[in-house]
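Asks: Can you read through this structure? Questions will come right after.
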Amino acid sequence: MFSPYVGGHGAPGRSTVALNLAVLLGRVASTVLVDVDLGAPILSARLGANTNKNLVTVAHMAPTTSIEWTLALSRDLQPIRAGDCPHGLFLAGLPKTETKIEAAFLVALLDALRARFDYVVCDTGVQWLDGDRAGRVPAQQADQVLLVATSDAGGIRRAHQTLDRLRTFVGPVTLGAVINQHRAHKDYERGELEYALAEQLSAVLPFDPNACWRAIEDQRPVVFDLRSTLGRSLLQFAERLHGGQLELPRPAVAPRRQPWWAALRRWPTRRTDAGSTPARTQVAASHQRANGRRELFEPTDIPAQGAKA
């Protein structure tokens with residue numbers, strides 16, 4: 001299934017949704033994530049990926065046959081996240097925003113990826129809204145277009161503009177609407193949002209900025225944050241897309257902290273065996289060596305407790 005993620009101006013969260021869903025789907029099926037944002041590709045920075053392997057390096061090889069496409073993709077595709085996403089690969093976007101690629105190359109690239117992967121996830125930009133032919137290729141080739149919008153009044157208005165551009169430049173498409181950054185106590189409810197968009201919503205994702213900032217700082221997907229409400233909603237959305245249950249990687253178990261009284265068990269016990277020399281005997285022996293005469297009283301002269309003198 002080929003699904004590009006589109007949205008209007010104003011950063012509704014296309015890259016966040018595309019990245020996290022690709023990571024979840026890549027745990028159970030062969031998945032490739034392609035950064036086709038021709039204006040502001042940021043997925044490489046989110047993942048800490050190698051930017052020398054990108055769309056331009058694939059285009060320079062100019063593959064035409066199936067074998068050439070296999071060689072080009074095997075050289076420039078890189079793991080989304082080693083260990084946590086065993087079946088997911090990533091193709092970085094343009095190294096420079098002024099770099100241009102042809103629409104025909106994107107069509108051939110997406111066809112080659114669709115033939116080799118179960119899921120093809122594309123993060124798109126907003127250039128196609130202004131008539132860019134290369135930018136609208138993912139929406140034209142898609143099996144399902146996922147529209148990402150925010151729940152405020154401006155986000156709903158920009159979502160309507162995006163829908164109008166889709167109908168104008170692309171035509172009828174299979175559409176799924178996703179509301180991102182939803183604040184339950186301030187924004188409209190789901191029914192009201194569906195009425196405003198005139199589209200049925202596929203998912204409503206909560207507003208969780210703290211988890212997003214932690215994910216950006218650690219260069220990891222937000223779905224791996226077990227405390228995040230956004231991560232749990234994305235997991236449920238990915239399960240509906242896949243049609244089955246998905247499991248997150250289990251976090252490493254931290255060593256159990258011992259209580260304070262456990263240290264008392266390891267405290268060294270006092271030596272009371274016959275071979276040990278008390279400190280007083282050692283002092284008396286050193287004094288005898290220094291003065292050349294025996295002390296008047298030594299520990300051996302004192303009878304033990306309970307013994308007869």
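The values are calculated or read from the model by the stated rules, or taken from the named source; none is laboratory data. None of the values given here were measured: they were computed from a predicted structure. All Cβ positions, glycine included, derive from the backbone under ideal geometry; neighbour counts span all protein chains shown.
Asks: Can you tell me which residues in segment 161-180 are modelled with pLDDT of 90 or more, surrounded by fewer than 16 Cβ atoms within 10 Å (Cβ to Cβ) and touching a helix residue (DSSP H, G or I) at 6+ places or on another chain (Cβ under 9 Å)?
Replies: Passing the criteria: only Gln161.
Asks: With the requirement that a residue be among the small types (Gly, Ala, Ser), free of Cβ contacts under 8 Å to residues at least 60 places away in the same chain and within 28 Å of Phe2 (Cβ to Cβ), what does segment 216-252 give you?
Replies: Across segment 216-252, the qualifying residues are Ser228, Ser233, Gly243.
Asks: Now for a different question. Quick one: how many residues across segment 208-256 are hydrophobic (A, V, I, L, M, F, W, C) and modelled with pLDDT under 85? Steps first, please.
Replies: Residues of segment 208-256 hydrophobic (A, V, I, L, M, F, W, C): 211-213, 215-216, 222-224, 226, 230, 234-235, 237-238, 241, 246, 248, 252-254.
With modelled with pLDDT under 85 added as a condition, the list becomes 226, 246, 248, 252-254.
Counting residues in segment 208-256 that are hydrophobic (A, V, I, L, M, F, W, C) and modelled with pLDDT under 85 gives 6.
Asks: If a residue counts only when it is touching a strand residue (DSSP E or B) at 6+ places or on another chain (Cβ under 8 Å) and not aromatic (Phe, Trp, Tyr), which helices (runs of 4 or more DSSP H) contained entirely in segment 163-247 have at least 2 such residues?
Replies: By residue number, 190-197, 229-242.
Asks: In segment 66-88, what residues are under 17 Å from Val56 (Cβ atoms) and either in contact (Cβ under 8 Å) with a residue 12 or more places away in the chain or among the charged types (D, E, K, R) (or both)?
Replies: Answer for segment 66-88, where residues must be under 17 Å from Val56 (Cβ atoms) and either in contact (Cβ under 8 Å) with a residue 12 or more places away in the chain or among the charged types (D, E, K, R) (or both): Glu68, Trp69, Ala72, Leu73, Arg75, Asp76, Leu77, Gln78.
Asks: Which residues, counting only those in segment 138-156, are aliphatic (A, V, I, L, M) and either outside any helix (DSSP H, G or I) or more than 19 Å from Val17 (Cα to Cα) (or both)?
Replies: If we filter segment 138-156 for residues that are aliphatic (A, V, I, L, M), which is where we start, we get 139, 142, 145-149, 153, 156.
Those that are aliphatic (A, V, I, L, M) and either outside any helix (DSSP H, G or I) or more than 19 Å from Val17 (Cα to Cα) (or both): Ala142, Val145, Leu146, Leu147, Val148, Ala149, Ala153.
Asks: Restricting to segment 84-106, name every residue that is of a type in the set (Val, Ile, Thr) and either touching a Pro at 6+ places or on another chain (Cβ under 8 Å) or exposed (fewer than 15 other Cβ atoms within 10 Å of the Cβ) (or both).
Replies: Across segment 84-106, the qualifying residues are Thr97, Thr99.
Asks: Right, next: Out of Gly83, Gly135, report the one residue that is part of a loop (DSSP other than H, G, I, E, B) and more than 22 Å from Gln219 (Cβ to Cβ). Before you say what the answer is, go through the steps one by one.
Replies: Values: Gly83 fails: more than 22 Å from Gln219 (Cβ to Cβ).
On inspection, the qualifying residue turns out to be Gly135.
Asks: Sticking with this one: Here's a check for you: in segment 86-122, which residue that is assigned to a loop (DSSP other than H, G, I, E, B) and within 17 Å of Gly48 (Cβ to Cβ) is modelled with the lowest pLDDT?
Replies: Among those residues, the one meeting the criterion is Pro95.
Asks: How many residues, within segment 29-45, are buried (at least 18 other Cβ atoms within 10 Å of the Cβ) and either in contact with a His (Cβ under 8 Å, 6 or more places away or on another chain) or under 17 Å from Ala82 (Cβ atoms) (or both)?
Replies: Residues flagged as buried (at least 18 other Cβ atoms within 10 Å of the Cβ) and either in contact with a His (Cβ under 8 Å, 6 or more places away or on another chain) or under 17 Å from Ala82 (Cβ atoms) (or both) within segment 29-45 amount to 5.
Asks: For Gly125, are the conditions met, namely being at pLDDT below 90, within 26 Å of Arg240 (Cα to Cα), surrounded by 16 or more Cβ atoms within 10 Å (Cβ to Cβ) and not aliphatic (A, V, I, L, M)?
Replies: So Gly125 passes the test.
Asks: Further, regarding this structure: Could you identify the single residue in Ala18, Ala22, Ala11 that is closer than 23 Å to Leu230 by Cβ, without any contact (Cβ under 8 Å) to a residue 24 or more places away in the chain and in contact with a strand residue (DSSP E or B) (Cβ under 9 Å, 6 or more places away or on another chain)?
Replies: Ala11
Asks: Do you know which residues across segment 135-160 are among the hydrophobic types (A, V, I, L, M, F, W, C), surrounded by 19 or more Cβ atoms within 10 Å (Cβ to Cβ) and more than 16 Å from Gln200 (Cα to Cα)?
Replies: Val137, Ala139, Ala142
Asks: State yes or no: is Gly176 closer than 18 Å to Leu21 by Cα and either touching a Leu at 6+ places or on another chain (Cβ under 6 Å) or acidic (Asp, Glu) (or both)? Quick ask: steps written out before the conclusion?
Replies: Values: closer than 18 Å to Leu21 by Cα: yes; either touching a Leu at 6+ places or on another chain (Cβ under 6 Å) or acidic (Asp, Glu) (or both): yes.
Against the criterion (closer than 18 Å to Leu21 by Cα and either touching a Leu at 6+ places or on another chain (Cβ under 6 Å) or acidic (Asp, Glu) (or both)), Gly176 qualifies.
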